[in-house]
1. Quick one: A:Thr314 ticks every box in (1) assigned to a helix (DSSP H, G or I); (2) among the polar types (S, T, N, Q); (3) closer than 25 Å to B:Tyr194 by Cα; (4) touching a helix residue (DSSP H, G or I) at 6+ places or on another chain (Cβ under 9 Å) except a single one, so which number is it?
2. Confirm whether B:Gly270 is at pLDDT below 95, more than 14 Å from chain A (Cβ to nearest Cβ) and open to solvent by less than 30 Å² (accessible area, probe 1.4 Å).
3. Helices (runs of 4 or more DSSP H) wholly in segment B:73-146 with at least 1 residues that are within 12 Å of chain A (Cβ to nearest Cβ) and in contact (Cβ under 8 Å) with a residue 40 or more places away in the chain - which ones?
4. Can B:Lys190 be described as within 14 Å of chain A (Cβ to nearest Cβ) and free of Cβ contacts under 8 Å to residues at least 12 places away in the same chain?
5. Quick one: would you say A:Lys186 is touching a residue at least 60 places away in the same chain (Cβ under 8 Å), open to solvent by 30 Å² or more (accessible area, probe 1.4 Å) and within 14 Å of chain B (Cβ to nearest Cβ)?
6. What number goes with the only condition from (1) touching a helix residue (DSSP H, G or I) at 6+ places or on another chain (Cβ under 7 Å); (2) modelled with pLDDT of 95 or more; (3) of a type outside the set (S, T, N, Q) that A:Met60 does not pass?
7. Out of all the residues in segment A:201-229, which are within 14 Å of chain B (Cβ to nearest Cβ) and open to solvent by less than 10 Å² (accessible area, probe 1.4 Å)?
8. Within segment A:66-104, which residues are open to solvent by 30 Å² or more (accessible area, probe 1.4 Å), more than 8 Å from chain B (Cβ to nearest Cβ) and outside any helix (DSSP H, G or I)?
Amino acid sequence: MIGKLKRSLNNVNLHHSPESKSKLRQLREILWLGLRYRFSPIEYQAYRFYLQEKDFPDMMTYLSNYEISFKIRQRLINPKMQAMLTNKLLFHGFYQSYGIPTPRFYGYYHQESGFTADGHPLKNQEDFYLWIKRAGLKQMFIKPCGGKQGSGIMAINNIIENGGDLILEDVRGQIWQTGELVECLKEEADGASYPGYIFQEIIKQHPALNQVNSTSVNCCRLLTIRRPNGTVTLPFAVFRFGRSGHYVDSWSQGGIAYDIDRETGILTRGSYNPQWGDTHKVSHHPDSNIKLEGFQIPYWKELKEMVIKAAYITPDIRSIGWDVAVSPHGPILLEGNSLWSPILYQSMNGGFLNEENKETLRQYGFKVR
Amino acid sequence: MVKKLKRVLGNINLHHGPDSKSKMRQLGEIMWLGLKYGFSPIEYEAYRFYLKDKKMTEMLTYMSNQEVTSKLRPLIYDERMLVILNNKLLFHRFYGASGIALPKFMGFFHPESGFTNDTLPLRNLDDFKRWIQREGINQFFVKPCGGKQGFGVMAIYRILPHGNSYIFEDAEGQEWKLEKLIDGLSLRAKETRYSGYILEEVVEQHPLLNRVNQSSLNTCRLLTLKLPDNTVEAPFAIARFGRKNSYVDSWSQGGIAYGVEMDTGKLTRGSFNPQWGTTRTDPSHPDTEVNLQGLSLPYWEETIAQVKKAASITPGIKSIGWDVAITPDGPLIIEGNSTWSPIAIQSLNGGLLSSRNRDNLRHYGLLIR
């Protein structure tokens, strides 16, 4: 208890500027919002509650991570069905079969049951070697079948034949021999909830997005909620860009996130994660200097239609955070998360409790403040 | 405890005949096998342990249901992956994507998120009417998405226009108004582990099997076991036939089952489930009198190849009982059961613990007898 309190206090960061509330008021609000609604000091900062313009009614439109996790999500999802989102093998098979574009599936490595997309076994070093030679693959993503939020992913950039063996080079420039790689794949990835690894194509992103930052696949994250009558709403949409030299676009790892006008697909306000200490608006990408305020996301209409369709056909999970990449030919569904975090969304789009979302929650029997 | 003992004692059926052991010996064996290995009196009878030629060494090659459930299953199942077999929607998408032959999937009914194959809504009466009209549907099976062993399955054999709606005729000739069917499905959609119902084609069985009994889909149950070297073996199979006018072939619901010679697909000994009070063996089907002993199942090689392929790509589940229908064009896998019952399989094929199987199971850590 004392440890938890200490940790919380360490995260308290009181702001001092002409736009900020007084430090005493910030402290009082942090304590009150924490005790009453379980907002953490990090959330207080992420949602910019310290600004004078954030009055009490505005703050009350936000939901704390605790409220989302323990009061709302629990009733919107059947935990038994989460496998279709958290198991990448099932995810791919399910959405692909309904015509939703997902990254091209190359194969599944598992010591007992691995198989390639063309129906050959993929259970050991020999299978792996024969498969790469047969398919002529040069690049691929390797993802833990039950991995979360990009953890444990490896991107192989080049594969060359070397005297009866293969040499694989990952994006960090590390060299692997087939035996070394297969040895790693025998172990279940840390924190993965399912055994095995899937192999997928490396997505080529749309030139307009590649121009902004070419080292990361810059993705859109959208939240969908399905109402009891089957209609799907889109309460949040955020676009993330990685920094030059980084191969992830994650906001928590230094990327920039932009709010999206959901009607038009045009980016509006952008910012870094406030945990990095910079709370200013970002109008241009800091490395490529491309103006992102007003930037049109390619294939926005198709992208929205795709996630609405995916959300509709996912039984028993009414609320999903989707990661979507945009290729030169259209949107590609990368991942769906039933355990989405509200921090990125609410930081960029404002509080969840607008009239439309309140109505959705009421339809599921929630009492909303 | 007393109730359980009473129930167990109520199931004891001591045999009297020139081939039977003395009643005292039967009683002694029932007590001893029950206390030491968990065999129930029903299993004692099903395995014909009461016969004089059943020596103790042979009896100990059988595994009791309790041993299979509590000792074997925990060693050979990764619980996380059972969803692939237990959820019929994911079963279809996973095995269908890997080229396994399955009955044609026609849609998913769910009052909140049902959809047809082309992802149009299938949630209510109007959606259903449109679906029947658009696709010209005349027959289908309705199966609870999380149902097991045929429970809750409904066969719709005829659809007739009725005013501006439809009337259905089920397998027993009973007529249903479409409105009543939809109300029933909507009401019970959330009763099983996974909500909703899948809609599947009515499978046409091979003429040879249809001749034996045409009112039921007569299926085979094949057991697969993944070996320590990750190859798959199919050590046992039974073929099941329904009785006249019954639309299920299940052994536990009155059907007759036959052992199958794995190399040739020829039927061997047949019997009813001893719970129906008879352990007599029948060379012919009791209603149509088609001689079954020695009959060769069509497409046997293909049937074995299909279940082996399906088992080889199923991660984390080393033993599965597959239900397979044989059509005029080849086998179709109806479902895979991780919790297969050993009773029918051992009754008709002998004990699971052959020396070969015992070695394989020992590899997984099963140290019994």
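The values are calculated or read from the model by the stated rules, or taken from the named source; none is laboratory data. Everything numeric here is computed off the predicted structure, so don't read it as measured data. Backbone-built Cβ (ideal geometry, glycine too); neighbour counts: all protein chains shown. We work out accessible area using only protein heavy atoms, side chains counted, and drop any ligands, DNA or RNA first. Shrake-Rupley method; radii C 1.70, N 1.55, O 1.52, S 1.80 Å.
1. The one condition A:Thr314 does not meet is (1).
2. Here the answer is yes, as B:Gly270 does meet what is asked.
3. Where helices (runs of 4 or more DSSP H) fall fully within segment B:73-146 and carry at least 1 residues being within 12 Å of chain A (Cβ to nearest Cβ) and in contact (Cβ under 8 Å) with a residue 40 or more places away in the chain, they are B:73-76, B:83-86, B:88-97.
4. Values: within 14 Å of chain A (Cβ to nearest Cβ): yes; free of Cβ contacts under 8 Å to residues at least 12 places away in the same chain: yes.
Yes, satisfied.
5. Against the criterion (touching a residue at least 60 places away in the same chain (Cβ under 8 Å), open to solvent by 30 Å² or more (accessible area, probe 1.4 Å) and within 14 Å of chain B (Cβ to nearest Cβ)), A:Lys186 qualifies.
6. With (1) touching a helix residue (DSSP H, G or I) at 6+ places or on another chain (Cβ under 7 Å); (2) modelled with pLDDT of 95 or more; (3) of a type outside the set (S, T, N, Q) applied to A:Met60, the lone miss is (1).
7. Residues satisfying the conditions are A:Thr224, A:Ile225, A:Arg226.
8. A:Gln82, A:Pro101, A:Arg104
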